[in-house]
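Here is the structure we will look at.
The values are calculated or read from the model by the stated rules, or taken from the named source; none is laboratory data. From a predicted model like this one, the values you see are computed outputs, not experimental measurements. Reconstructed Cβ throughout: ideal geometry from the backbone, glycine too, with neighbour counts over all protein chains shown. To get the accessible areas, we keep the full protein, side chains included, count just its heavy atoms, and leave off ligands, DNA and RNA. Shrake-Rupley method; radii C 1.70, N 1.55, O 1.52, S 1.80 Å.
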Amino acid sequence: MKLPLLGCCALLPFANAAQTLERIEKSGSFTIVHRESSVPFSYLLPNQAEPVGLAVELCKRVAEAVQRELKLKSLKIRYLPVTSSTRIPAIVEGKADIECGTTTDNKERREQVSFSHHHFFGAIQILARTSTGIQSWSDLDGRRVVFSKGTSTQGVLAKDARTASLSYTTLEAKDHAESFEWLSAGKADAFVLEDVQLAGMRASAAKPADFALVGQRLTIEPYALMMAKGDVRFQRLVNRELEQIYRSGEYAKLYKRWFESPIPPKQINFDLPMSNLLRGQVRRPSSILPG
């Protein structure tokens, strides 16, 4: 469905910054930007047009809070699929009210958009075959480590004090699928990438127990819901709803559903326990950037 652009967005990118709730009230609809394959945060099931996932669940709760705030009898939820390159413009140009996926909150993006309290923290870790005995970053010395082409993980390891002095053989696969294939086949001893993606690949393996997600977490990637820059009223509403979800225990239940239980369509289980950093966020919700 083609959604209208409101205002001269190309010339005034933040012209609608303080108008999110007013726009929703006028249209009677709430538009959610989503990804189509960011499992388990925001993705599509076969033959279904409406996305599912942890971030989508959070945005649906925000929609309910918006409906209460505006005292609307009904509120239609619309969905707008985006890619990595179109997600920020969709918010800046007023095509949607909120983005629900795996967008990292950082200083550079805050120049264009605003973010909610963080709802997940990704980090770089190691996926290794359990037979290798690899348990920590120091265990990579003398090993064969595969990286996916186009990712920033090699650069992170080269700069981090915990990994910069390590000596290992670097392998570069064309994509994540090939990296995991090389790891599975024994061509590589370890695969380094963001933990949540590694957990998904491990869960999809024929024998998940053959692989271990190990190593101290490097870098912190705070995921948050994205919205128009400068719309303080809407941002506060979103954060109040997230705080309620966190403190009521509902987030813990949602996390268990999406990260520690079988999920559709293949009933894979990420088996990824909540990190201590995320547990702290649930106790004391914050939008403060780590580090």
Would you mind stating whether Ala203 is in contact with a Phe, Trp or Tyr (Cβ under 8 Å, 6 or more places away or on another chain), open to solvent by 10 Å² or more (accessible area, probe 1.4 Å) and not aromatic (Phe, Trp, Tyr)?
yes
Name every residue in region 133-174 that is of a type in the set (Ser, Thr, Tyr), outside any helix (DSSP H, G or I) and under 23 Å from the mean Cα position of the chain (by Cα), in order of residue number.
Ser148, Thr151, Ser152
For Val238, are the conditions met, namely being under 19 Å from Glu22 (Cα atoms), crowded, with 23+ Cβ neighbours inside 10 Å and of a type in the set (A, V, I, L, M)?
yes
For residues in region 161-198 being open to solvent by less than 20 Å² (accessible area, probe 1.4 Å) and among the β-branched types (Val, Ile, Thr), which is nearest to Trp137 (Cα to Cα)?
Thr163
Against the definition (outside any strand (DSSP E or B) and open to solvent by less than 30 Å² (accessible area, probe 1.4 Å)), how does Leu289 come out, yes or no?
no
Filter region 32-47 down to residues that are open to solvent by 10 Å² or more (accessible area, probe 1.4 Å) and assigned to a strand (DSSP E or B) and give me whichever is farthest from Val238 (Cα to Cα).
Ser37
Can you tell me which residue among Ser136, Ser84 is open to solvent by 50 Å² or more (accessible area, probe 1.4 Å) and either under 28 Å from Pro273 (Cα atoms) or β-branched (Val, Ile, Thr) (or both)?
Ser84
Flagged in region 263-278 as touching a helix residue (DSSP H, G or I) at 6+ places or on another chain (Cβ under 9 Å) and of a type outside the set (Asp, Glu), in numbering order, are Ile263, Lys266, Ile268, Asn269, Phe270, Leu272, Pro273, Met274, Ser275, Leu278
Mind checking whether some residue in region 183-195 is at pLDDT below 95, among the charged types (D, E, K, R) and assigned to a helix (DSSP H, G or I)?
yes
What are the pairs with Cβ atoms under 6 angstrom where one residue, in region 216-242, is at pLDDT 90 or above and the other, located anywhere, is among the charged types (D, E, K, R)? Sequence gap at least six, or different chains.
Leu218/Asp160; Pro222/Asp105; Ala224/Asp105; Met226/Glu99; Leu237/Glu69; Glu241/Arg61
Looking at region 87-102 only, could you name the residues that are within 10 Å of Ile32 (Cα to Cα), of a type in the set (D, E, K, R) and open to solvent by less than 30 Å² (accessible area, probe 1.4 Å)?
Asp97, Glu99
